[in-house]
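See below for the structure under consideration.
The values are calculated or read from the model by the stated rules, or taken from the named source; none is laboratory data. Keep in mind that what you see is a predicted model, and the values were worked out from it rather than measured. FYI the Cβ positions are ideal-geometry reconstructions off the backbone, even for glycines, and counts take in every protein chain you see.
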């Protein structure tokens, strides 16, 4: 198979769509699956060759591909808004499917439960977000809320708003969750100071801080598991 040939000139069993029908979806490479999504390439590249360039750009990492915006994708010659939207929509469906794969967590028993609960909300983010999970006296989830949106490296948290929401829900405990888009799981000095501040405020209101998780594509860091509380 010569890359200079258009896909229509390939052997039928080598064309992505026909290959999927004949051999099943598992037999297609990431490049071929992406090529089906965009349908066609450019005047100089087939859909497969164009998708190969896109995946090369993200080092063949589908997690990084999921972080590309429509604007990012349209920078590739041959990818217009319609094709870019198809890619973004397909990857978002994949993210949601992954989230639904985990059973719905109703009560928190470990930091892993929190991570699975928040994974869908916090994967593929390029800016920091700060969430609070509200629990009752049996550690059952009574709500969760994003209370702050930030930039690439930080987000500002108003402790008064955080505890106002906790009091309105009659929560007896809370768990903090925020992401590090950089991928590092090491808490910053600001993370440590904020955790201590919220824990101290919770003592006066009789609302216990159970944990603070930092999440990234690499996994998560738990203040409770690491003795940081």
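Okay, residues lined up against (1) out of contact with any strand residue (DSSP E or B) (no Cβ under 6 Å at 6 or more places or on another chain); (2) surrounded by 13 or more Cβ atoms within 10 Å (Cβ to Cβ); (3) at pLDDT below 90; (4) part of a helix (DSSP H, G or I):
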position	(1), (2), (3), (4)
18	yes, yes, yes, yes
41	yes, yes, yes, no
75	yes, no, no, no
87	yes, yes, no, yes
90	yes, yes, yes, yes
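Here is a yes/no grid of residues against (1) at pLDDT 95 or above; (2) in contact with a helix residue (DSSP H, G or I) (Cβ under 9 Å, 6 or more places away or on another chain); (3) within 19 Å of residue 220 (Cβ to Cβ); (4) surrounded by 19 or more Cβ atoms within 10 Å (Cβ to Cβ):
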{"position": "141", "(1), (2), (3), (4)": "no, yes, yes, yes"}
{"position": "149", "(1), (2), (3), (4)": "no, no, no, no"}
{"position": "153", "(1), (2), (3), (4)": "no, no, yes, no"}
{"position": "166", "(1), (2), (3), (4)": "no, yes, no, yes"}
{"position": "169", "(1), (2), (3), (4)": "no, no, no, no"}
{"position": "176", "(1), (2), (3), (4)": "yes, yes, yes, yes"}
{"position": "183", "(1), (2), (3), (4)": "no, no, yes, no"}
{"position": "191", "(1), (2), (3), (4)": "no, no, yes, yes"}
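Determine whether segment 200-219 contains at least one residue that is within 21 Å of the chain's Cα centre (by Cα), part of a loop (DSSP other than H, G, I, E, B) and at pLDDT below 95.
Applying the first criterion (within 21 Å of the chain's Cα centre (by Cα)) to segment 200-219 yields 211-219.
Within this subset, residues satisfying the condition of being part of a loop (DSSP other than H, G, I, E, B) are 217-218.
So of that shortlist, the ones also at pLDDT below 95 come out as 217-218.
Yes, because at least one residue in segment 200-219 is within 21 Å of the chain's Cα centre (by Cα), part of a loop (DSSP other than H, G, I, E, B) and at pLDDT below 95.
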